[in-house]
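The values are calculated or read from the model by the stated rules, or taken from the named source; none is laboratory data. Keep in mind that what you see is a predicted model, and the values were worked out from it rather than measured. With ideal geometry, Cβ positions are generated from the backbone for all residues, glycine too; neighbour counts draw on all protein chains shown. Ligands, DNA and RNA are stripped out before the accessible areas are found, and what is left, the full protein with its side chains, is counted by its heavy atoms. Shrake-Rupley method; radii C 1.70, N 1.55, O 1.52, S 1.80 Å.
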Amino acid sequence: MKIVHISDLHLSGSNFVSEWGENVIDIMHSIYPELVVVTGDLTDDGYVYEYEIAKRYIDRIKTKNIIIVPGNHDVRNEGYKIFEEIFQTRFPCYKNEKFVVLGIDSTEPDIDDGHVGRENYEYIQKKLSVEGKIKILAMHHHLIPIPGTGRERNIPVDSGDVLKLCVELGVTFVFSGHKHIPWIWKLENTYFITAGTATSRRLKGRSHPSFNMIEVEEEKAILKEINVVNEDVKEILRINLPKF
Ligand SMILES: [Fe+2]
Ligand SMILES: [Fe+2]
């Protein structure tokens, strides 16, 4: 079973590279994942015309299921209202026999900083208090600082509490974006996976645009990074899953 994690497409911005966008569509077509998780920043400023561009692109992605959470760029200019109109909810959830994936909105309108909020902890707890499944929490902002990205900023103001919650709930993976560079941290039994930007020129140094894929087999999960420019697939990590 394959899950794709893609982020920071910035589809309507001047730094969007359409050739990379087409590569993503083609690669996705050959993967045909069970689920695509999009961790925000589909637009640059959350305007209606940008959402229309984003929606047209998202509809072309070949996948069985998709869940999308907004990024700080998407909620600018009341974009969070348009997000809900187009993608229904800022807190999507997907479940099957193997997984439960919960998306949460970590943004605040017109502020780049992340914020999950105490009022959402109970909801996260309720949705992810399940036994015998891989649990994934998806949100735009990173919960742990990412190296090589300068002075730390925009991390959720309540990241300490959210980290504690993830560890206590035994969340398997936390997916995030925002920093435009891929990275992984492990804390206790939780892997915090940040995806790079898939289609924007806003890259750190000479890094390349990329997205992630997790292949789940019987007792292990394999994390792979896909280079959007040359379509190379690199194995990043093999994880032994707990026996359910
Ligand atoms: Fe971004
Ligand atoms: Fe962002």
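Quick notes
- The chain: calculated mean residue ellipticity at 222 nm from DSSP helix runs of at least 4, using -39500 (n - 2.57): -6500 deg cm²/dmol
- Above-threshold pairs, the threshold being 20 Å between Cα atoms, out of K2/K234; K135/K234; K135/K164: K135/K234
- Shape of the chain, Cα gyration tensor, a/c cut at 1.5: rounded
- Distance in nm between pseudo-label sites at R238 and E78 (7 Å out along the Cβ direction from Cα): 5.4
- Integer Hz, Karplus 6.51/-1.76/1.60 couplings in order for the stretch 2-17, x for Gly and Pro: 10, 10, 9, 10, 10, 8, 6, 6, 6, 5, 9, x, 6, 9, 6, 10
- Electrostatic dipole magnitude of the chain [Cβ: Lys, Arg +1; Asp, Glu -1; Cα centre; debye, to 20]: 580
- Net charge dipole size for the stretch 86-190 [Lys, Arg +1 and Asp, Glu -1 on Cβ; Debye, nearest 20]: 400
- Using a probe of 1.4 angstrom and keeping all protein chains present, the accessible surface of the chain works out to 45 square angstrom per residue.
- Note that the stretch 221-236 has calculated 3J(HN,Hα) couplings of 10, 10, 9, 10, 10, 10, 6, 6, 6, 10, 6, 5, 10, 10, 6, 9 Hz, one per residue in order, obtained from phi through the Karplus relation 6.51 cos²θ - 1.76 cosθ + 1.60 (θ = phi - 60°); glycine and proline are x.
- Averaging the Cα positions of each part gives two centres, and for the stretch 138-157 and the stretch 14-67 these lie 23 Å apart.
- Charge context of T190, other residues only, Cβ under 14 angstrom, K/R +1, D/E -1: +1
- Just checking the listed ones, G40, G160, G170: in the Gaussian network model of the chain with Cα springs under 10 Å, the one fluctuating most is G160.
- Percent of beta bridges antiparallel (DSSP, the stretch 2-240, rounded to nearest 5): 60
- Of all DSSP beta bridges confined to the stretch 99-244, the antiparallel ones make up roughly 60%.
- Measuring nothing but protein heavy atoms, the accessible surface of the chain at 1.4 Å probe radius is 46 percent carbon and sulfur.
- Phi to ³J(HN,Hα) by Karplus 6.51 cos²θ - 1.76 cosθ + 1.60 over the stretch 177-193, Hz, x for Gly, Pro: x, 6, 8, 6, 8, x, 7, 9, 10, 10, 10, 6, 9, 10, 9, 9, 10
- Backbone N within the stretch 149-179 under 18 Å of label point (7 Å from R202 Cα along the Cβ vector): 149-156, 176-179
- For GluC sites (Glu not before Pro), the sites in the stretch 193-244 that DSSP calls loop and that have at most 12 other Cβ atoms within 10 Å are E217, E218, E219, E231.
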